[in-house]
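Before any comments, here is the structure.
Every number here is computed from the coordinates shown, using simple stated rules; none is lab data. None of the values given here were measured: they were computed from a predicted structure. FYI the Cβ positions are ideal-geometry reconstructions off the backbone, even for glycines, and counts take in every protein chain you see.
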Amino acid sequence: MRIGILRIGQANSYPVSGIQENLKIIFPDTECAIITETFPIPEEAFNKARKQSRSDIILSKIHNYAKKEKTLDKVLGIIDADIFVPELNFVFGEAECPGKAALVSLWRLRPEFYGKPPNTELLEERSTKEAVHELGHAVGLRHCSNPFCVMFFSNSIFETDRKKSLFCNKCHAKAEKIIKMQEVKSFERQV
């Protein structure tokens, strides 16, 4: 699998480089590169009343980029802004399930958001969990009922902190099977 990480808005290289390295470990046999190009936050995504950006609008921009990028299987957008979907107060991320596009927000993953001092290790750990979670959706996985599985739905930062950055055995087996099937289909298209 080939993953590209696309920075959106003011997302700087940290913790993006840490996420990149962790994704290579969690998804073996995966190429993961940071895309040099950055995207602005789409103006139409910003909701003035909520002071947040709609993740679905941003995700559609990532999708359009991913469709043009034939060398990548998945594109993970990283944004440092507060995002939401209309049904929820906020989301840590969103992804097509299955699809090529995923999005993670660093905004509510930062300890500073909760009145705590900055902690780069904790931010990288949380960001990795949410990146794996959203890429899991992009692969085709649904939410898991195991509260320690990375595919468990995090409704709060406490749930993000509780879960691991890895798939449970059940989700791991599903992901492995889906990725192998996608690789075979990709190979067949090339031949």
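Figures for the structure shown
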item	result
In nm, spacing of pseudo-spin labels at Glu112 and Leu88 (7 Å Cα→C-beta vector)	2.4 nm
Cβ-based net charge around Val104, under 9 Å, with every Lys or Arg adding one and every Asp or Glu removing one	-3
Per residue Cα convex hull volume in Å³ - calculated over the chain	111 Å³
The stretch 106-187: GluC sites (Glu not before Pro) falling in loop per DSSP and having at most 12 other Cβ within 10 Å	none
Solitary cysteines of the chain, where the nearest other Cys Cβ is not under 4.7 Å	Cys32, Cys97, Cys171
Net charge of Cβ neighbours under 13 Å - reference Tyr65; Lys, Arg +1; Asp, Glu -1	+4
Low-density loop cleavage sites - trypsin sites (Lys or Arg not before Pro) in the stretch 20-102, where at most 15 other Cβ are within 10 Å (DSSP)	Lys48, Arg50, Lys51, Lys70
Alpha-carbon centroid distance for the pair the stretch 27-43 / the stretch 87-134, whole angstrom	15 Å
In nm, spacing of pseudo-spin labels at Lys68 and Ile178 (7 Å Cα→C-beta vector)	2.7 nm
Magnitude of the charge dipole, the stretch 88-191, Cβ model with Lys/Arg +1 and Asp/Glu -1, debye to 20	320 debye
Cα centre as origin, Lys/Arg/Asp/Glu Cβ charges: the chain dipole, Debye	380 debye
Span-like helix ranges in the chain, DSSP H, alpha carbon extent 18 angstrom or more, Kyte mean at least 0.0	13-26
